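Here it is, the structure in full.
The values are calculated or read from the model by the stated rules, or taken from the named source; none is laboratory data. Not measured: the values here are computed from a predicted model. Quick reminder, even Gly has a Cβ in these numbers, built from the backbone with ideal geometry, and neighbours come from all protein chains shown.
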Amino acid sequence: MKKILLICLLVCTGAWQIQASGEKAIRISTDQTDLVFKVGNNGRLYQSYLGSKLLNESDIDQLPAGKEAYITHGMEDYFEPAIHVVHNDGNPSLLLKYVSHTSANPQPDVTETTITLKDEVYPVVVKLYFDAFEKENIIKTHTEITHQEKKPVTLFKYASSLLHVNSDKYWLTEFSGDWAHEVNMSETPLNFGKKIVDTKLGSRADMFCSPFFILALDKQAQENQGDVLLGTLGWTGNFRFTFEVDQQNGLRIISGINPYASEYRLDPKEIFRTPEFIFTYSTEGKGQASRNFHDWARKYQLKDGMKDRMTLLNNWEATYFDFNEDKLVALFDEARHLGVDMFLLDDGWFANKYPRSSDHQGLGDWEETKDKLPNGIGKLVKEANARGVKFGLWIEPEMVNPKSELYEKHRDWVIRFPNREEYYFRNQLVLDLSNPEVQEYVFGIVDNLLTKYPGIAYFKWDCNSPITNIYSSYLKDKQSHLYVDHVRGLYNVLEKIAAKYPDIPMMLCSGGGGRTDYEALKYFTEFWPSDNTDPVERIFIQWGYSQFFPSKSMAAHVTSWGKQSVKFRVDVAMMCKLGFDIRVNEMKEADQQLCRNAIQNFNRLKPAILEGDLYRLVSPYEKQHSAVMYTSKNKDKAVLFAFDIHPRYSENLRPVRLQGLKPAARYKIEEINLHQGSQSRLNANGKVYSGDYLMKVGIPLFSSSHTVSHVIEITEQ
Ligand code: DGJ
């Protein structure tokens, strides 16, 4: 009796130690991290370890088996499962056993591991894929589910990843907000129970929260020390992260498509491939973790991640819908005078029956409005090019205004209920990309424009509405596939564009940062972080996104939002991919001169700002100041951005310690982006210091004035 009680106690508390079988452990390693799986003596797969890399191979044998790796619904686990399948006989159980694993090197420094699991009662196979990017310390993982049952099975849950983490304390940073108020970072402790971060918006899915998180172990996340796990899902639709702390204080993190209203009927032999969950485990805090992501993104994920970026002048805030050919040509002159690479024509250039004179109509009718542009886009491309300026164009191809010819002709292409009044977000509806005919139509928008006007050098691809009225006339009795198949349809379109036009740069925009994920960024060179370009707000917004995304991927424009000086606005925008969206001619001559000068500085300093290592020195969340610096890969050049935001009266101001320099090297400090004729007020300006001094003692950069900024070029002597 005593023995039975003991066994029950062990099982019920989860303390039952599964013996690892004679199988070799499956070790997924980067240069810094190990993720180890083991096969138990019951044939099931266990996650044995996740953390800092183990130095001795022999220590792997000592690891306890750990917790089941990809937990299934219907068996003995009491917490959230990774997968929930209902077989065609109505049985909801799944028990996965290890079958095999393989490992390959598709590229140098990248190891791809595949673990195959199978149910012995029902013919369901689950494959877990892991790509370890050794140098960048990134692991990318996804799952594939298939079956050979006679009829479809239904997937109720289908996670990309389940990770177990063990620590005394957990702190979660989430990134939430709203339109023009994106990625506010807030950190909360995780105690027993569940915390879910998810979205149900369908398209522009990140409007209220972003598909990435920071998990800190033991203590709150710090910039330069401590264990943190940064994770993100590459999925341009509904996502869900579940953090669940169990009764033993173990944490499981389940990441994937949000299964909300998305049961998926999987046909025999059909493959259900989940999106990729991408993470890094850093023992040196958030700063190093972000640099891991930036390096990996530039090298492997972001479209043209290793290529240059164009500066631009956009006309959205300069004109809104109110422009014509003459006005635009005048703006091309301003672009040339400013010295940017490209002019970007925004919303309002299309539709004739219902001209796009406001956001109430025209979306879907992608022909130039004759009244506004009698000579079409071709003439605009020609005029821009004649001034040495490239021409880019705004489109919003996934959407339709009910007041459009497209809607009149193809109501069946629209996500809407056939029997209910429509609900609109920004007066528009979403096209049904689960329908291949609609995919072809959306591809055709880009294809037709580029065929007719091969001079178009860039697209800004917008997406302003979430999915409302969720119903597809194409999917018929498979309505619960819509959220998933819509996103897959979008990828089909983007894939086709990438295949036919591999070199066209595109900006991912979604009414600001309503879409920012690494799967979309395979097809986009940059994204629009927010419609809020008030530079003070942007300091926070750029800080937030910089946790995961490199500066090269973030478009930052100087506009007339905010009351700060032009210099302050330029300095903030120059921390990312610099652009302008302002009436340049209406600025004072001294400010115009400053902008021209800043563009030249930016072009010269791109190797540090866009390709270098980011060090976040002073957080705007902690102080009334902020500072970041970018150091070129060989550490011979750095650019430092320092901002006084709204300092308190008589603050104690400390010197700012720099990072990422060579201690023994000597560096000259020079303030740049100054108005012509004005002198730097920084004491350090013009002086030479050792890297050691700059990193240990630092230099005074802050003042008690409001919204003052400095850009400092640091050059090895
Ligand atoms: C929302 C975008 O975020 C803006 O930059 C602008 O392109 C408008 N859409 C145009 O409608």
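Residue-by-condition table, conditions (1) in the same structural domain as ASP295 (by TED's automatic domain parsing); (2) more than 26 Å from GLU182 (Cα to Cα); (3) of a type in the set (D, E, K, R):
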site: ARG488; (1), (2), (3): no, no, yes
site: CYS509; (1), (2), (3): no, no, no
site: ARG583; (1), (2), (3): no, no, yes
site: ALA590; (1), (2), (3): no, yes, no
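Say whether the condition of being over 23 Å from the mean Cα position of the chain (by Cα) and at pLDDT 95 or above is met by at least one residue in the range 275-296.
Checked the range 275-296: no residue is over 23 Å from the mean Cα position of the chain (by Cα) and at pLDDT 95 or above.
Scanning the range 306-348 for residues that are within 11 Å of the ligand (Cβ to nearest atom) and out of contact with any helix residue (DSSP H, G or I) (no Cβ under 7 Å at 6 or more places or on another chain), which turns out modelled with the lowest pLDDT?
My answer is GLU317.
Where residues in the range 282-321 are small (Gly, Ala, Ser) and touching a Lys or Arg at 6+ places or on another chain (Cβ under 8 Å), which of them is surrounded by the fewest Cβ atoms within 10 Å (Cβ to Cβ)? Please lay out each step first, then the result.
Narrowing the range 282-321 to residues small (Gly, Ala, Ser): 282, 285, 287, 289-290, 297, 305, 318.
Within this subset, residues satisfying the condition of being touching a Lys or Arg at 6+ places or on another chain (Cβ under 8 Å) are 287, 290, 305, 318.
Values: GLY287: 22, SER290: 26, GLY305: 20, ALA318: 22.
Here the answer is GLY305.
A further question on this structure: State which residue is nearest to the ligand (Cβ to nearest atom) when the search covers only the range 548-567 and only residues that are surrounded by 24 or more Cβ atoms within 10 Å (Cβ to Cβ) and part of a loop (DSSP other than H, G, I, E, B).
For the range 548-567, the residue satisfying everything is PHE549.
Kindly indicate whether any position in the range 542-560 is under 27 Å from ILE214 (Cβ atoms), charged (D, E, K, R) and without any contact (Cβ under 8 Å) to a residue 60 or more places away in the chain.
Scanning the range 542-560, I find no residue that is under 27 Å from ILE214 (Cβ atoms), charged (D, E, K, R) and without any contact (Cβ under 8 Å) to a residue 60 or more places away in the chain, so the answer is no.
Quick one: would you say ASP462 is buried (at least 23 other Cβ atoms within 10 Å of the Cβ), farther than 23 Å from ARG273 by Cβ and of a type outside the set (Val, Ile, Thr)?
Working: buried (at least 23 other Cβ atoms within 10 Å of the Cβ): yes; farther than 23 Å from ARG273 by Cβ: yes; of a type outside the set (Val, Ile, Thr): yes.
So ASP462 fits the description; yes.
Mind counting the residues in the range 514-531 that are near the ligand (Cβ under 10 Å from one of its atoms) and either surrounded by fewer than 24 Cβ atoms within 10 Å (Cβ to Cβ) or under 19 Å from LEU494 (Cα atoms) (or both)?
3
Rundown of residues vs (1) assigned to a loop (DSSP other than H, G, I, E, B); (2) more than 16 Å from the ligand (Cβ to nearest atom), yes/no style:
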residue: LYS403; (1), (2): yes, no
residue: GLU408; (1), (2): no, yes
residue: ASP412; (1), (2): no, yes
residue: ARG420; (1), (2): yes, yes
residue: LEU433; (1), (2): yes, yes
residue: SER465; (1), (2): yes, no
residue: ASN469; (1), (2): yes, yes
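Right, another one. Does GLU398 fit the bill of being away from the ligand (no atom under 16 Å from the Cβ) and of a type outside the set (S, T, N, Q)? Don't jump to the end; show me each part of the working.
Values: away from the ligand (no atom under 16 Å from the Cβ): no; of a type outside the set (S, T, N, Q): yes.
Spelling it out, it is not the case that GLU398 is away from the ligand (no atom under 16 Å from the Cβ) and of a type outside the set (S, T, N, Q).
Mind checking which pairs have a first residue in the range 49-60 that is under 22 Å from LEU251 (Cβ atoms) and a second that is assigned to a strand (DSSP E or B) and of a type in the set (Val, Ile, Thr), Cβ under 6 Å, 6 or more apart or different chains?
Listed by first residue and then by second, the contacts come to TYR49/VAL36; LYS53/THR33.
Please tell me if THR236 is buried (at least 22 other Cβ atoms within 10 Å of the Cβ) and in a loop (DSSP other than H, G, I, E, B).
On the way: buried (at least 22 other Cβ atoms within 10 Å of the Cβ): yes; in a loop (DSSP other than H, G, I, E, B): yes.
When the stated conditions are applied, THR236 passes them.
A follow-up question, please. Has the range 340-358 got at least one residue that is surrounded by fewer than 21 Cβ atoms within 10 Å (Cβ to Cβ), under 29 Å from ALA590 (Cα atoms) and either within 33 Å of the chain's Cα centre (by Cα) or among the charged types (D, E, K, R) (or both)?
yes
Which condition number in (1) more than 16 Å from the ligand (Cβ to nearest atom); (2) of a type in the set (Val, Ile, Thr); (3) farther than 28 Å from GLU284 by Cα is the one that VAL572 fails?
The failed condition is (3).
So, one more: Could you tell me whether ILE582 is aliphatic (A, V, I, L, M), within 16 Å of the ligand (Cβ to nearest atom), touching a strand residue (DSSP E or B) at 6+ places or on another chain (Cβ under 9 Å) and assigned to a helix (DSSP H, G or I)? Steps first, please.
Values: aliphatic (A, V, I, L, M): yes; within 16 Å of the ligand (Cβ to nearest atom): yes; touching a strand residue (DSSP E or B) at 6+ places or on another chain (Cβ under 9 Å): yes; assigned to a helix (DSSP H, G or I): no.
It is false that ILE582 is aliphatic (A, V, I, L, M), within 16 Å of the ligand (Cβ to nearest atom), touching a strand residue (DSSP E or B) at 6+ places or on another chain (Cβ under 9 Å) and assigned to a helix (DSSP H, G or I).
Right, something else. Of the residues that sit in the range 288-305 and are of a type in the set (A, V, I, L, M, F, W, C) and farther than 28 Å from ASP346 by Cβ, which one is farthest from the ligand (Cβ to nearest atom)?
To start, the set of residues in the range 288-305 that are of a type in the set (A, V, I, L, M, F, W, C) comprises 289, 293, 296-297, 302.
Next, only the ones that are farther than 28 Å from ASP346 by Cβ stay: 289, 293, 296.
Working: ALA289: 28, PHE293: 24, TRP296: 27 Å.
The extreme case among them is ALA289.
Considering GLY388, GLY392, which residue is within 16 Å of the ligand (Cβ to nearest atom), farther than 19 Å from SER465 by Cβ, at pLDDT 95 or above and not in a helix (DSSP H, G or I)?
After applying the criteria, what remains is GLY392.
Another question about this same structure. Going by what's in this entry, would GLU396 be described as within 30 Å of THR311 (Cβ to Cβ) and in contact with an Asp or Glu (Cβ under 6 Å, 6 or more places away or on another chain)?
Numbers: within 30 Å of THR311 (Cβ to Cβ): yes; in contact with an Asp or Glu (Cβ under 6 Å, 6 or more places away or on another chain): yes.
Answer is yes for this residue.
In addition: Within the range 72-124, which strands (runs of 3 or more DSSP E) (wholly inside it) include 1 or more residues that are out of contact with any Ser or Thr (no Cβ under 9 Å at 6 or more places or on another chain)? Spell out how you get there, then give the answer.
On the way: elements: 83-86, 96-107, 110-119.
The strands (runs of 3 or more DSSP E) meeting that bar are 96-107, 110-119.
Kindly indicate whether ASN292 is in the same structural domain as GLN222 (by TED's automatic domain parsing) and farther than 29 Å from SER52 by Cα.
Working: in the same structural domain as GLN222 (by TED's automatic domain parsing): yes; farther than 29 Å from SER52 by Cα: no.
Against the criterion (in the same structural domain as GLN222 (by TED's automatic domain parsing) and farther than 29 Å from SER52 by Cα), ASN292 does not qualify.
So for the range 265-273 (the condition being surrounded by 24 or more Cβ atoms within 10 Å (Cβ to Cβ) and either in a strand (DSSP E or B) or not hydrophobic (A, V, I, L, M, F, W, C) (or both)), does at least one residue qualify?
Applying the first criterion (surrounded by 24 or more Cβ atoms within 10 Å (Cβ to Cβ)) to the range 265-273 yields none.
Scanning the range 265-273, I find no residue that is surrounded by 24 or more Cβ atoms within 10 Å (Cβ to Cβ) and either in a strand (DSSP E or B) or not hydrophobic (A, V, I, L, M, F, W, C) (or both), so the answer is no.
What do you reckon, is ASP581 in contact with a Ser or Thr (Cβ under 6 Å, 6 or more places away or on another chain), under 23 Å from THR319 (Cα atoms), modelled with pLDDT of 95 or more and not β-branched (Val, Ile, Thr)? Break it down stepwise before answering.
Numbers: in contact with a Ser or Thr (Cβ under 6 Å, 6 or more places away or on another chain): yes; under 23 Å from THR319 (Cα atoms): yes; modelled with pLDDT of 95 or more: yes; not β-branched (Val, Ile, Thr): yes.
Judged against the criteria, ASP581 is a match.
Within the bounds of the range 210-219, is there any residue that is within 13 Å of the chain's Cα centre (by Cα), in contact (Cβ under 8 Å) with a residue 24 or more places away in the chain and more than 30 Å from VAL85 (Cβ to Cβ)?
Of the range 210-219, the ones within 13 Å of the chain's Cα centre (by Cα) are 210-213.
Now narrow it down to the ones that are in contact (Cβ under 8 Å) with a residue 24 or more places away in the chain: 210-213.
Retained after the next criterion (residues that are more than 30 Å from VAL85 (Cβ to Cβ)): none.
Scanning the range 210-219, I find no residue that is within 13 Å of the chain's Cα centre (by Cα), in contact (Cβ under 8 Å) with a residue 24 or more places away in the chain and more than 30 Å from VAL85 (Cβ to Cβ), so the answer is no.
Then there is this: Please find, within the range 149-167, the residue that is surrounded by the fewest Cβ atoms within 10 Å (Cβ to Cβ) out of those that are of a type outside the set (Ser, Thr, Tyr) and either part of a loop (DSSP other than H, G, I, E, B) or free of Cβ contacts under 8 Å to residues at least 40 places away in the same chain (or both). Don't jump to the end; show me each part of the working.
Of the residues in the range 149-167, the ones of a type outside the set (Ser, Thr, Tyr) are 149-153, 155-157, 159, 162-166.
With either part of a loop (DSSP other than H, G, I, E, B) or free of Cβ contacts under 8 Å to residues at least 40 places away in the same chain (or both) added as a condition, the list becomes 149-152, 159.
Values: GLU149: 17, LYS150: 9, LYS151: 11, PRO152: 16, ALA159: 25.
Looking at the filtered set, the residue picked out is LYS150.
Being of a type in the set (S, T, N, Q) and more than 27 Å from LEU482 (Cα to Cα) narrows it down to one of ASN375, ASN401, ASN419, ASN427, so name that one.
Details: ASN401 fails: more than 27 Å from LEU482 (Cα to Cα); ASN419 fails: more than 27 Å from LEU482 (Cα to Cα); ASN427 fails: more than 27 Å from LEU482 (Cα to Cα).
Result of the check over ASN375, ASN401, ASN419, ASN427: ASN375.
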